[in-house]
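Student: Here's a structure for you.
The values are calculated or read from the model by the stated rules, or taken from the named source; none is laboratory data. As the structure is a prediction and not an experimental result, all values here were calculated from the model. Counting neighbours? That spans all protein chains shown, and the Cβs are built from the backbone with ideal geometry, glycine included. The protein model used for the area step is the full one, side chains on, heavy atoms only, and it has no ligands, DNA or RNA in it. Shrake-Rupley method; radii C 1.70, N 1.55, O 1.52, S 1.80 Å.
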Amino acid sequence: MRLMRLGPAGQEKPAVLLDDDTYVDVSDLVRDFDEEFFGSGRLAELPALIAGRAGQPVGDQRIGAPIARPHQLLCIGLNYSDHAA
């Protein structure tokens with residue numbers, strides 16, 4: 001199960017990617033994949049909520065960032081230990 005957001009920039013809807021080209025729209029279940037969603041523990045409920053839903057082909061839809069408005073980004077490169085030293 002991979003989280004994704006589909007649609008025009010700024011208007012993405014939350015979805016779950018089932019395989020390489022099939023997704024389930026979950027915009028009726030969650031507002032967005034944001035701080036509130038992850039903080040409430042809804043991620044653990046998501047597999048049961050999408051069970052039995054029919055997948056749709058991704059096609060040529062725009063795929064946006066999977067997480068809306070991330071609180072922070074951490075980037076650790078392969079040479080992190082060199083920089084720390």
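Student: Leu29: among the hydrophobic types (A, V, I, L, M, F, W, C), modelled with pLDDT of 90 or more and out of contact with any helix residue (DSSP H, G or I) (no Cβ under 6 Å at 6 or more places or on another chain), yes or no?
Tutor: No.
Student: Given the conditions (1) of a type outside the set (S, T, N, Q); (2) open to solvent by 70 Å² or more (accessible area, probe 1.4 Å); (3) under 27 Å from Asp20 (Cβ atoms); (4) under 13 Å from the mean Cα position of the chain (by Cα), report the number of the one that Glu35 does not fulfil.
Tutor: (3)
Student: Another one. Give region 57-80 a look and list any residue that's open to solvent by 80 Å² or more (accessible area, probe 1.4 Å) and either out of contact with any Gly (no Cβ under 7 Å at 6 or more places or on another chain) or polar (S, T, N, Q) (or both), or say none.
Tutor: The answer is Pro57, Asp60, Ile63, Arg69, His71, Gln72, Leu73, Leu74, Cys75, Ile76, Leu78, Tyr80.
Student: I need the full set of residues from region 45-56 which are exposed (fewer than 11 other Cβ atoms within 10 Å of the Cβ) and either assigned to a loop (DSSP other than H, G, I, E, B) or touching a residue at least 12 places away in the same chain (Cβ under 8 Å) (or both), in order please.
Tutor: Correct list: Pro47, Ala51, Gly52, Ala54.
Student: Just one of the numbered conditions (1) farther than 15 Å from Ile67 by Cβ; (2) in contact (Cβ under 8 Å) with a residue 40 or more places away in the chain is not true of Leu29; which one?
Tutor: Against the list (1) farther than 15 Å from Ile67 by Cβ; (2) in contact (Cβ under 8 Å) with a residue 40 or more places away in the chain, Leu29 comes up short only on (2).
Student: Would you check if Leu29 is open to solvent by less than 80 Å² (accessible area, probe 1.4 Å) and outside any loop (DSSP other than H, G, I, E, B)?
Tutor: no
Student: So, one more: Scan region 7-24 residue by residue and report those that are crowded, with 16+ Cβ neighbours inside 10 Å and either among the acidic types (Asp, Glu) or over 13 Å from the mean Cα position of the chain (by Cα) (or both).
Tutor: Selection gives Glu12 alone.
Student: Residue check: is Arg42 out of contact with any Leu (no Cβ under 8 Å at 6 or more places or on another chain) and surrounded by 14 or more Cβ atoms within 10 Å (Cβ to Cβ)?
Tutor: Taking the combined requirement at face value, the residue satisfies it.
Student: Assuming Met4 fulfils every condition listed in (1) outside any loop (DSSP other than H, G, I, E, B); (2) surrounded by fewer than 17 Cβ atoms within 10 Å (Cβ to Cβ); (3) touching a Pro at 6+ places or on another chain (Cβ under 9 Å) apart from one, which condition is it?
Tutor: It fails just one condition, (2).
Student: Within the group Ala48, Ala84, which residue is aliphatic (A, V, I, L, M) and at pLDDT below 90?
Tutor: Ala84
Student: Looking only at region 37-77, which residues are acidic (Asp, Glu) and farther than 19 Å from Leu6 by Cα?
Tutor: Glu45
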